[in-house]
Amino acid sequence: MPITDYPQIAPFLEYLQFEKRYSKHTIVAYQTDLEQFFQYLVNQFDNPALDQIAAMFIRSWLASVKENEISAKSINRKISTLKSFFKYQLKIGLIKTSPMGVIISPKTKKRLPVFVSEKEVHTLFEHVEFPDTWEGRTQRLVLLLFYQTGMRLSELIQLKETQIDASLKQVKVLGKGNKERIIPIDAALVKELESYQLNRPTKSATIKTVFTSAKGKPLQPRAVYAFVKKYLGQVTTVQKKSPHILRHSFATHLMNNGADLNAVKELLGHSSLAATQVYTHNTIEKLKEVFNKAHPKA
């Protein structure tokens, strides 16, 4: 169903792009959900006007979606999409009340973040051999930066030289919604980043991002996923081996070593403390493990 069939979708997507500064990936997800929803309204309810869309229509659509056996998490995302959409319509005055007020999101099981142990991280950087080539140096430094800063994949591959302040030993990261945050880095990492920049291939002279391939092109997400999976596979048995696992490891190890929850929130670039609190569960599990091993009555 083309967006033009339901003209309210396009202005909303533009609002997400230019005012909320959502990523392209997120906007595509919103667009997909909205197109599915409005196609359902066309097929089942004869394309009602925007202010005539009732909660009953939404429940009917969610029930049809659930029949396809999608997860509660996916249904919650669709509900979140509709909540944002109707909130925007309220804001610009096209509707007087939102039909989402009585829609309840299904409960989802909270999964603890998977992470690599400190011992496994030590093995990765102290004992795993990386090729003495531009590709090998790039891969090692990318892994190191993921772990020492907790950056997201998109943040790291878009990182520019101007965002690294060697004198203050910090990195300025441009996160979700173009929000900036400052992450401290140690002197050894600063030195490695400076050395990496000094030895860039001639082909990459015009590229502004810190990391490039041997051919002088910016790193591609798929390539980063591939080598992160390869090297993590050499040191850990965790099932998922992705850049985000190193972000989880960064946060979990900080919490396990006594870091303040609010500080970890700022370092990760979370907008809500609730998103960071999931890492306290891993800390509690760590405390239980210590207790069971050390307490005479355990």
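Rounded to the nearest 20, the size of the Cβ-charge dipole of the stretch 118-294 about its Cα centre is 660 debye, with Lys and Arg at +1 and Asp and Glu at -1.
Using Cα pairs under 8 angstrom and six or more residues apart, how large is the relative contact order of the chain, in percent?
Values: 297 pairs, mean separation 51.3, N = 298.
Relative CO of the chain lands at 17 percent.
Taking a straight line from the alpha carbon of K293, these aspartates and glutamates sit under 18 Å away, with near neighbours fewer than eight places off in the same chain left out: E285. Measuring against 22 Å, Cα to Cα, the residue pairs K73/K240; K172/K241; K160/K215; K24/K203; K160/K229; K160/K191 contain K172/K241; K24/K203; K160/K229 as the ones spanning a longer distance.
Here is the list for the stretch 1-98: GluC sites (Glu not before Pro) lying in DSSP coil, each with at most 10 other C-beta atoms within 10 angstrom of its C-beta, are E19, E67, E69. Each residue in M255, M100, M151, M56 was given a count of other beta-carbon atoms within 10 angstrom of its own, and listing them fewest first yields M56, M100, M255, M151. When the listed pairs K176/K230; K83/K265; K91/K208; K78/K119 are checked against a 31 Å cut-off, the alpha-carbon distance exceeds it for K91/K208; K78/K119. With a cut-off of 12 Å between beta carbons, the residues surrounding T162 carry a summed charge of +1, where Lys and Arg count +1 and Asp and Glu -1.
Contact order, relative form, for the stretch 190-243: 22 percent (alpha carbon pairs under 8 Å, 6 or more residues apart, mean separation divided by residue count).
Under the classification rounded if a/c is under 1.5, otherwise prolate if a/b is larger than b/c and oblate if not, where does the stretch 147-213 fall, given a ≥ b ≥ c as square roots of the Cα gyration tensor eigenvalues? Write out the running numbers ahead of the final one.
Details: a/c = 1.98, a/b = 1.23, b/c = 1.62.
The shape class here is oblate.
In the chain, the calculated helix contribution to ellipticity at 222 nm averages -17500 deg cm²/dmol per residue, counting -39,500 (n - 2.57) for every DSSP H run with n ≥ 4.
Each value in this text was obtained by applying a stated rule to the coordinates, not by laboratory testing. Keep in mind it's a predicted model, so treat the numbers as computed, not measured. Cβ atoms come from the backbone with ideal geometry, glycine included; neighbour counts cover every protein chain shown.
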